[in-house]
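Report on the following structure.
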Amino acid sequence: MPTFHLCPLLSLLLWGCPLTIRVVGEMVPGLGRNAGSPASHPQGPGPPLRSKRSWVWNQFFVIEEYAGPEPVLIGRLHTDVDRGEGRAKYLLTGEGAGSVFVIDDKTGNIHVTKSLDREEKAEYILLAQAVDKLTLRPLEPPSQFIIKVQDINDNPPVFLHPPYKATVPEMSNVGTSVIQVTASDADDPTYGNSARLVYTVLEGQPYFSVDPQTGVIRTAIPNMDRETQDEFLVVIQAKDMGGHVGGLSGSTTVTVTLTDVNDNPPKFPQNLYQFTVMEDTTPGSLIGRLRAHDPDIGENSMMSYSILDGDAGDTFTVISDSAGQDGILKVQKPLDYESRRSYTFRVEVMNTAIDPQYIRQGPFKDVTTVRVTVGDVNEPPVFSHNHYTLSVLENMPRGALVGVVQARDPDVRSSSISYSIDPDSDPEVLFSIHPEDGTVRTSRSLDREVQEEYNIIIRASETDSPSKLSHAGVVIQVLDVNDNPPTLAELYKPHVCDNAQPGQVIQTVRVKDADSESGLFSFQSPGTLSDANFTVQDNKDGSASLLVRHSGFWKSQKDIFLVPIEIKDGGDPPLTSTDTLTVSLCHCETSGAVLTCHMTTGSAAGLSTPALLAILACALSLLALVSLFSLQRRHKPSPLSLCEDEDVRENIITYDDEGGGEQDTQAFDMSALQPPQTGLSGGFFHPPRMDVLPRVPHHPVPHSPKPAPVDVQRFLALRLREAEKDPTAPPYDSIQVYGFEGGGSSAGSLSSLTSSSGCTVEEEPGGEDIWEWGPHFRTLAEIYGVRNTSEETEN
C-alpha cells in the first residue's frame, strides 16, 4: 500500500502525527475511469478486474514568510511501483515547479526554495508523475495536487478613503450618526483572527464615539455649539486579532464640522444710533448703516430691518443690504431745515428664516432707536411753480405784459431775488423780464401764424450769492386774433360744358384761413360783380358749390367766364375776401366727357408777372429775328430771281381776277400748291403757306345748336374772330382759288356773288332746320351762316 510521508516539522504544526491516505484511481481529478497503470495486471477471461492507483497524495501546506533554513522539505511523493530498485524517477510540473518548488527525482521529496507570501499567491497547483528511469515510460498516471500557503498575521488594517470629512448639525442629540469609516486587512479572514478588526477612538473624546464593529462615528455629548467650536478632529484606530495584544493596527483622521442652525436671535450692539444729514440731500441718498449682531451664519444670519414708529413718517426708509446683514438708512423725501430739524424713530431687526425647533429660546428680533438731525445749507431760490404757462395776444406792441413769475429764498436769513432769462432759450430776444419783480413782457410784436408757442427758461438767483441759482420753465402761448382773411384752399380750375344744364354743380371749393377760428365760413357772389351765368351755393360746412344758372353755353361768344366769390370768416370782427374763379367753356359729349376747350383752364390766371415779362421778351426777340431775315431777303442780289421763278407755287399770286374753276386748273399741276414734304414746314426758314389747305385735322369751333337772338354786326365779328383762329382757313387774297367749282363742276357754284340781290335770308332752304339739329350740326349751320328770321327779329 502506498504511503505519504510528511516532514516531522509540518506534521507537528498541522496534525501532530503522520498521515497516510489511500486514494483510488477514480478519485484523481481530470482522469477517466479507464485510466490505468503500466503495472496493472492484464485482464484474462472472466469478469474484468479493477486496477488500483498506487499514488498516495494530499494537500501540502507552507507557512508564509517562513524564515528558516532553505530549502524546506514540505512533503514526499511515493508510489508502490517503486520498490527501491532505483528504476523509478519522479517528475514535478505546474505552477512554480523548478523555481519555487523542486523535487528529488530519486526519492520524491518536495522542497520550497524561498519564502512565500499568501497575499501575493495563496496556493499552487502542481502535477506529479513517476516514470521509468531508463525508458521514461510512465509507471503511474500523472496526479494533480495543491500546495497552500498558510497565513500568518503580517498585514495591518488599512482605511479605504482617508482622510475623512463629515458634518453634523450643532445642538444635535447624543448618538446622532456622523460618518462610517471602514478599514480592510489583507490577511486571510477565514483563518484565525488575523483579519478580525476592532475600531476605537484615539482622539475626539468625549465629543464622539465609534462602534467597534461597524466603524460608525456618533455624537457622544448633547448641545454642541457651533459658535463655541465649529470643528473637531477625531482619530479612529482599527486593530486586528480582535483587538488583543499582539495585533496589528491602523488609524485615520476624521474632520467633523458642526453646521449652523438658527439658534441665536439678532441683537443691536447699541440702544441709540445718531445720524446727521444736510437739508439739500437728494431723495434716495444714503444716510448711514445699522448693523445688528447675529452669531449664526449663512441663511440663519440674514436679517430684515423696518421702521416701527416715531416721527419719521415717509421721510426715511430702511432696507437690508444684498447680504442681508446691514440695514441701510436712506432719505425718501426732500428735507427742509426751516420746517423740521430732527427726527426720532425706532427700527426693528428680525431673522428672515426662523427654525421652529428653537423658537422656545425667545423672539428672534430686536429694537433700537434712531435719531436723525437735519443740517442747514444755503439753498437757492425756490420758484412758486416748477413750470409756468403764460399767454399774450398776437400783434401786441412792444412791451406788452405776458405774466409774472415769483421765487423766494427758503433760508432763515432770506435774501433778495434777481430774475433773468436764459439767453440760450430766447436767442432772438423776443421777451424781457424785470430783474426785481419777475414781470415778463414782449420785446417786439409777435405773430401767431409765424409761431404759436415759445419756451423760455427764467433764472432766479440770490443777490448776495449769485452762485445760488435756480431755473423754471415758462411756456408762452401766442393767442390768435382775426387778422388773416379767408382764401380758397387751392387754385381751382373749373370748366363748364356747352351743353350744361341749369343747377349743375361744376366745382366745389373749400377755404383756408391762417387764423384759428372754428372753421365756419359763409359764401356769396358780390351783387355788382356777379356773373349771370353762374351762382354760388353755401354748403354750410366750410365749402361752397358753383352751379350753372341756365343752359345754352354753346351759343356764347366768350371762352372764359370770371366768377367772383366773396368769403367771410367767423372771427370777431369777421374778415371778408373775394376770390375769382376762372371758368373755361368746353365742348363736351352728351355724357359730359370733355372733347375740346377754348382755353386751358386756369392758364390766364395762373401766369405771374415775371412769367408774362419773360414771354414778352421772347416774343420781341423772335420779332427782331424775323425782321432781320426779312430785311436780308429784300436785299438779295438779282440772280436770286431765278430761284424765285423755280417755285411754281408763287405763280398763283399773279392772277387778279377770278378763275374759271376746274377748267383753269388743268394748265398746271395742282400738287404744286401743297406744302413741300420736307419736314421743315413752319418756323423761320419755311413758314407755312396760307394760300393752300394745311394737312392738319380740322377741329371746328363748337357752337350751340340752339338758336339765340344776336344782331348781324356781332355775328359777323364773331365769325371773323373764328376765321382768324382757324388754321385751315385760306387768306383773303386767295379766295378766288376754288379747286372744285366753276362751270365744269357738277355741284355748281357755291359763291354768293351769283345770288339774287332781292333774295332774303329766309329763302335759303333748310337753314332754319339745321340750327335746330343741335351741337353736332353746328359746323354745317355755321357754313350756311343763316338763322331763323323770327329769332333774328326777336334778337
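The values are calculated or read from the model by the stated rules, or taken from the named source; none is laboratory data. Note that this is a predicted model, so its numbers are computed, not measured. So basically every Cβ, Gly included, is an ideal-geometry build from the backbone, and we count neighbours across all protein chains shown. These area figures cover heavy atoms from the full protein model, side chains too; ligands, DNA and RNA do not enter into them. Shrake-Rupley method; radii C 1.70, N 1.55, O 1.52, S 1.80 Å.
Restricting the search to the stretch 292-320, which residues are within 20 Å of Pro265 (Cβ to Cβ) and either buried (at least 17 other Cβ atoms within 10 Å of the Cβ) or without any contact (Cβ under 8 Å) to a residue 12 or more places away in the chain (or both)?
Result: Ala292, Asp294, Asp296, Asn300, Ser301, Met302, Met303, Tyr305, Ile307, Val318, Ser320.
Scan the stretch 429-444 and report the pairs whose first residue is open to solvent by 60 Å² or more (accessible area, probe 1.4 Å) and whose second residue is part of a loop (DSSP other than H, G, I, E, B), with Cβ atoms within less than 7 Å and a gap of 6+ or a chain change.
Listed pairs, sorted by first residue: Val429/Ser443; Arg441/Gly399; Arg441/Ala400; Arg444/Arg398; Arg444/Leu430.
Filter the stretch 410-431 for residues that are outside any loop (DSSP other than H, G, I, E, B) and either at pLDDT below 90 or farther than 10 Å from Ile458 by Cα (or both) and give the result.
Within the stretch 410-431, Ile417, Ser418, Phe431 qualify.
What about Val168, is it among the β-branched types (Val, Ile, Thr) and touching a residue at least 60 places away in the same chain (Cβ under 8 Å)?
So Val168 passes the test.
What are the residues in the stretch 283-304 that are within 16 Å of Arg226 (Cβ to Cβ) and in a strand (DSSP E or B), if any?
His293, the sole residue that qualifies.
In this structure, is Ile221 β-branched (Val, Ile, Thr) and not in a loop (DSSP other than H, G, I, E, B)?
Considered against the rule, which asks whether it is β-branched (Val, Ile, Thr) and not in a loop (DSSP other than H, G, I, E, B), Ile221 comes out as no.
Considering only strands (runs of 3 or more DSSP E) fully contained in the stretch 115-178, which possess at least 2 residues that are loosely packed, with under 14 Cβ neighbours inside 10 Å?
Per the criteria, 164-169.
Can you tell me which residue in the stretch 73-91 is farthest from the chain's Cα centre (by Cα), limited to those that are surrounded by fewer than 19 Cβ atoms within 10 Å (Cβ to Cβ) and part of a strand (DSSP E or B)?
The residue in question is Lys89.
Going residue by residue through the stretch 512-532, is there one that turns out to be at pLDDT below 85, within 23 Å of Leu718 (Cα to Cα), in contact with a Ser or Thr (Cβ under 8 Å, 6 or more places away or on another chain) and surrounded by 15 or more Cβ atoms within 10 Å (Cβ to Cβ)?
yes
When you look at Gly192, is it assigned to a loop (DSSP other than H, G, I, E, B), of a type outside the set (Phe, Trp, Tyr), within 30 Å of Asn300 (Cα to Cα) and over 60 Å from the mean Cα position of the chain (by Cα), yes or no?
Considered against the rule, which asks whether it is assigned to a loop (DSSP other than H, G, I, E, B), of a type outside the set (Phe, Trp, Tyr), within 30 Å of Asn300 (Cα to Cα) and over 60 Å from the mean Cα position of the chain (by Cα), Gly192 comes out as no.
Yes/no matrix, rows are residues, columns are (1) surrounded by 19 or more Cβ atoms within 10 Å (Cβ to Cβ); (2) under 30 Å from Ile152 (Cβ atoms):
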residue	(1), (2)
Asp188	yes, yes
Tyr199	yes, yes
Pro206	no, no
Asp211	no, yes
Asp230	no, no
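Of the residues that sit in the stretch 99-114 and are closer than 17 Å to Glu70 by Cβ and of a type outside the set (Val, Ile, Thr), which one is surrounded by the most Cβ atoms within 10 Å (Cβ to Cβ)?
Only one residue fits best here, namely Phe101.
When you go through (1) farther than 30 Å from Gln451 by Cα; (2) out of contact with any helix residue (DSSP H, G or I) (no Cβ under 8 Å at 6 or more places or on another chain) one by one for Asn351, which number turns out not to apply?
Result: Asn351 passes all but (2).
Looking only at the stretch 269-285, count every residue that is under 50 Å from the mean Cα position of the chain (by Cα), hydrophobic (A, V, I, L, M, F, W, C) and either open to solvent by 30 Å² or more (accessible area, probe 1.4 Å) or within 17 Å of Val349 (Cβ to Cβ) (or both) and tell me the total.
Summing the residues that are under 50 Å from the mean Cα position of the chain (by Cα), hydrophobic (A, V, I, L, M, F, W, C) and either open to solvent by 30 Å² or more (accessible area, probe 1.4 Å) or within 17 Å of Val349 (Cβ to Cβ) (or both) in the stretch 269-285 gives 2.
Pairs needed: first member in the stretch 510-522, charged (D, E, K, R); second member anywhere, modelled with pLDDT under 80 and exposed (fewer than 15 other Cβ atoms within 10 Å of the Cβ); C-beta distance under 9 Å; at least 6 residues apart or different chains.
Asp513/Gly519; Asp515/Asp483
Filter the stretch 448-502 for residues that are assigned to a loop (DSSP other than H, G, I, E, B) and of a type in the set (Lys, Arg); which is surrounded by the fewest Cβ atoms within 10 Å (Cβ to Cβ)?
Lys493
For Asp240, work out the one condition from (1) farther than 23 Å from Asn351 by Cα; (2) in contact with a helix residue (DSSP H, G or I) (Cβ under 7 Å, 6 or more places away or on another chain) it doesn't fulfil.
That leaves (2) as the condition not met.
Between a residue in the stretch 85-99 that is under 19 Å from Leu139 (Cβ atoms) and any residue that is surrounded by 13 or more Cβ atoms within 10 Å (Cβ to Cβ) and among the polar types (S, T, N, Q), which pairs come within a Cβ distance under 6 Å, given they are 6 or more apart or on different chains?
Correct list of pairs: Leu91/Gln129.
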